[in-house]
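The values are calculated or read from the model by the stated rules, or taken from the named source; none is laboratory data. Quick caveat, the model's predicted, so the values are computed rather than measured. Glycine gets a Cβ as well: all are built from the backbone with ideal geometry, and neighbour counts include every protein chain shown.
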Amino acid sequence: MALRYRSPWGLLRNPVVACAQLAEDAPSPHAVLFRHTVWLALLPPVFAFVGAANFGWRLGADEPLVLDTGQLALVSLGYFFALLAGFVGAAGAARWMAPTYGATEDFGRHLGLVAVVAAPLAAGAVAHLFPHVFLNLLVLIPALIWSMYLLYTGLPVALGTSPERGMLMASSLIGFLLVAVVILLGVTVALWGAGVGPLLGL
């Protein structure tokens, strides 16, 4: 069984209802992954590719950073796989934490919850179409706040635990994600410093 919504847009329109459905159903991890997660992970890299190809990345008042098509494709592909790994890794971490907080261990529900929580961020990535740092922060910070709200309110419902334990589990999951982001940034800097990645010509 999969989530009743057949597209990621249903998750964005009615995230609270989607969390309630996760509590009632046992969605297939395979169906959630290929019906929702892959598409949500694909949106930001596609928007970033189109925006950077047309305008270049604007990091401030300086001239925009322009990469050629091959370099943009490499960065966008890496962005996609990093997001996809983040989706699955977050769901795996949540499942690992589940026994501690009295939540279900069904992986499909965990993956579905991550898809629901990530939907506002995926939609907010439309700001990548004009990749200026200030504009992207202006759009993505409210989307992040909405995602965190969905995590704190939806986790207890979707995973079948008490609101108190759900709040603690959500906070633990956010801590895990922050550590993962820092590690990813460190690995990216190390790889680019070693010459693996686009040549920026700086």
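Condition check: free of Cβ contacts under 8 Å to residues at least 60 places away in the same chain and more than 24 Å from Asn54 (Cα to Cα). Does Leu151 satisfy that?
Details: free of Cβ contacts under 8 Å to residues at least 60 places away in the same chain: yes; more than 24 Å from Asn54 (Cα to Cα): yes.
Against the criterion (free of Cβ contacts under 8 Å to residues at least 60 places away in the same chain and more than 24 Å from Asn54 (Cα to Cα)), Leu151 qualifies.
The set of residues in region 1-41 being part of a loop (DSSP other than H, G, I, E, B) and either at pLDDT below 75 or not charged (D, E, K, R) (or both) consists of Met1, Ala2, Leu3, Arg4, Tyr5, Arg6, Ser7, Asn14, Ala26, Pro27, Ser28.
Taking the numbered list (1) over 14 Å from the mean Cα position of the chain (by Cα); (2) crowded, with 17+ Cβ neighbours inside 10 Å in turn, Val50 passes all entries but (2).
Report, by residue number, each residue of region 121-161 that is within 17 Å of Leu173 (Cα to Cα) and aromatic (Phe, Trp, Tyr). First the steps, then the outcome.
Here is the first cut: in region 121-161, the ones within 17 Å of Leu173 (Cα to Cα) are 121, 144-161.
Selection gives Trp146, Tyr149, Tyr152.
Being surrounded by fewer than 15 Cβ atoms within 10 Å (Cβ to Cβ) and either under 23 Å from Gln21 (Cα atoms) or touching a Cys at 6+ places or on another chain (Cβ under 8 Å) (or both): is that true of Ser147 here? Criteria not met by Ser147. Looking across region 99-123, just one residue is free of Cβ contacts under 8 Å to residues at least 12 places away in the same chain and either of a type in the set (Ser, Thr, Tyr) or assigned to a helix (DSSP H, G or I) (or both), and that is Pro99.
Take Gly86 and decide whether it is in contact (Cβ under 8 Å) with a residue 12 or more places away in the chain and within 15 Å of the chain's Cα centre (by Cα). In short, yes.
In this structure, is Val75 in a helix (DSSP H, G or I), in contact (Cβ under 8 Å) with a residue 60 or more places away in the chain and touching a Leu at 6+ places or on another chain (Cβ under 9 Å)?
Values: in a helix (DSSP H, G or I): yes; in contact (Cβ under 8 Å) with a residue 60 or more places away in the chain: yes; touching a Leu at 6+ places or on another chain (Cβ under 9 Å): yes.
Spelling it out, Val75 is indeed in a helix (DSSP H, G or I), in contact (Cβ under 8 Å) with a residue 60 or more places away in the chain and touching a Leu at 6+ places or on another chain (Cβ under 9 Å).
Against the numbered list (1) closer than 16 Å to Leu121 by Cβ; (2) among the aliphatic types (A, V, I, L, M); (3) within 14 Å of the chain's Cα centre (by Cα), Ala18 comes up short only at (3).
Let's see how each residue does on (1) of a type in the set (Val, Ile, Thr); (2) surrounded by 13 or more Cβ atoms within 10 Å (Cβ to Cβ); (3) within 19 Å of Ala41 (Cβ to Cβ):
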position	(1), (2), (3)
Ala103	no, yes, no
Leu113	no, yes, yes
Ala122	no, yes, yes
Val139	yes, yes, yes
Pro142	no, no, no
Val181	yes, no, yes
Thr188	yes, yes, yes
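For region 124-137, a residue qualifies if it is part of a helix (DSSP H, G or I) and either crowded, with 21+ Cβ neighbours inside 10 Å or out of contact with any Lys or Arg (no Cβ under 8 Å at 6 or more places or on another chain) (or both), and the qualifying residues are Gly124, Ala125, Val126, Ala127, His128, Leu129, Phe134, Leu135, Asn136, Leu137. Of the set (1) assigned to a loop (DSSP other than H, G, I, E, B); (2) at pLDDT 90 or above, all apply to Gly197 but (2). Does at least one position in region 56-72 carry a residue that is in contact (Cβ under 8 Å) with a residue 40 or more places away in the chain, among the small types (Gly, Ala, Ser) and closer than 27 Å to Leu150 by Cα? No, region 56-72 has no match at all.
Scanning region 150-176 for residues being surrounded by fewer than 17 Cβ atoms within 10 Å (Cβ to Cβ), aliphatic (A, V, I, L, M) and more than 13 Å from Val117 (Cα to Cα) gives a total of 1.
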